[in-house]
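Participant: One structure, pasted below without further comment.
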Amino acid sequence: MKELVIKTSLFIGLSSLLVACGGGSDTNAESSHEAQQVNPTAVNSQPQVEPKTHNETQPEKQLEKEQPQDREDKNQLQPEQPKNQNTREDKPAHTPSSQPAVVKVYADSDINTEWFGMKTSKYHSPTVINENRNNVEIYDLVLVENPDDQTKYDKTKSKQTTIALRKEGETSHYSHGKLNYSFDLVNGNIYYGYYLKPEADYKNSYLTYSYAFDKSIEDNRSLANYSAKYSQYGGFSFSVKIGNDYIQQFGDVDLIYTNGRISGEITNPHSSEVNNKIFDLEGKERELIIRPNKDNEYKLSSNGGDNMSMQLHLINSNQKEYIIGAGKAENYYGVLFAEKKENE
C-alpha cells in the first residue's frame, strides 16, 4: 500500500510538470514573436547594432577611425584658423580700408630737381635750403659708449649727412632708443619734418624743422577773393621753451580763408581743459600770423611778444591742395602743414 501511494504521488508530480512546461512553451513563443517584431525596427533605425560579418566590420572600423580625425580636423581648420587669421598677422588682409595694401615707392630718377624749401631752429629764423626728397639734410647722432659728465654724443662719429625719402608716408629713424629724425613724404613731391642736431658741446641736442616741395606744383594765383578750409591732425609741429629747455609739441590745425582773409586756430587734442586752444590764426593771403591764445597752457604772451609770422605756400599735388610753411617766434618755432577740405 505504501508503495502504491509513492507511485501515485510521483505520477501526479510529473503531470503537473508537463502542464507547466506546456504553458511555458506558449509564453516563450509569444515572447519570441514580440522580439521578432521589435528587432527589425531596431535594426533599421540603428544599423550599427546589427550583427556584423568580417567584411562589414573592417569598413566600420575604418569609419570609426576616420570620424574622430574628421572632427579634429574641423575643430582645427574651421573655428581656430579664422580666429588666428583675425587676431594675428593676417588681420590687415581682412581690413584693407584701414591700411593701404601697397605703399608707393618713388625712384630717385622720378623727380623734378627744382625744389623750394626752408628750415628753422631755436638758433635761426627760417632760411632757404637747396634740398629735394633725394637729399634731405639730417644729422646722424651717435651716442658715446660710456657717457660721462663731459659729453653725450660721440664727436667723431656724429656727422651731418643726407637721406633719400622714397616711400609715401612717414620715415623715422631711431638710434639707441632716441629719435634722430622724422619726415612725411606726400605724393612724392612734398616733405616736411624735423631732425635732431647736437649742441656745440655735444652734451644735448635740439630740433631743426624743415620742409621742401617741387616748385612746379606751387599755386601762385591771387588769393584776394579766395575762400577755403584747411585742417590737419597734428599739422603744427613745434618746439616751445619751457623753463630752460625746448620741448616738442603738436597741435591740430584748422585754418579758414574767407575772401583772402585768414582765421582759425591750433588746438591741443590731448588737453583736459575746456579751452584747448594753443594759438589763434589770423592774416591775409599768404601772410599768416600765429598768435598765442590768452589761456594757452605754455604761458606764452598773447600781447604780441610771442607772435609768429609765417610765409605760406599753396600747393596743388595729385588733385589735392595743401598749405605749408615754417616760422620762429621768441619762445617757439616749427613747421605747419594742412590739407584743403572739399565742400567746407
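Participant: So what is the relative contact order for segment 109-214, in percent, with contacts set as C-alpha pairs under 8 Å and at least six apart? Intermediate values should be presented prior to the final figure.
Facilitator: On the way: 233 pairs, mean separation 32.0, N = 106.
Relative contact order here is 30 percent.
Participant: How about segment 249-289: which GluC sites (Glu not before Pro) there are in a DSSP loop, with at most 15 other Cβ atoms within 10 Å of their Cβ?
Facilitator: Listed in order of number, the matching sites are 273, 285.
Participant: How big is the dipole moment of segment 109-214 about its Cα centre under a simple scheme where the beta carbon of each Lys and Arg is +1, that of each Asp and Glu is -1, and everything else is neutral? Debye, nearest 20, please.
Facilitator: The dipole of segment 109-214 has a size of about 160 debye.
Participant: Just to check I understand the Karplus step: with θ = phi - 60° and J = 6.51 cos²θ - 1.76 cosθ + 1.60, what whole-Hz values come out for segment 177-184, glycine and proline as x?
Facilitator: Ordered by residue, 3J(HN,Hα) equals x, 10, 6, 8, 7, 7, 9, 10 Hz.
Participant: Note down the net charge around residue 169, summing +1 for each Lys or Arg and -1 for each Asp or Glu among other residues with Cβ under 13 Å from its Cβ.
Facilitator: Within the 13 Å Cβ shell, the charges total +1.
Participant: Return the loop-located chymotrypsin sites (Phe, Trp or Tyr not before Pro) in segment 269-344 (DSSP other than H, G, I, E, B) with at most 14 other Cβ atoms within 10 Å of their own Cβ; answer none if there are none.
Facilitator: Taking segment 269-344 and a limit of 14 other Cβ atoms within 10 Å, no loop chymotrypsin sites (Phe, Trp or Tyr not before Pro) are found.
Participant: Kindly flag which residue pairs out of 104/328; 203/340; 122/157; 197/341; 277/328; 299/320 have an alpha-carbon separation exceeding 31 Å in this structure.
Facilitator: Among 104/328; 203/340; 122/157; 197/341; 277/328; 299/320, the Cα-Cα distance tops 31 Å for 104/328; 203/340; 197/341; 299/320.
Coordinate-derived values only; no laboratory data. Fair warning: this is a prediction, and the values are worked out from it, not measured in the lab. Neighbour counts run over all protein chains shown; Cβ positions are idealised from the backbone, glycine included.
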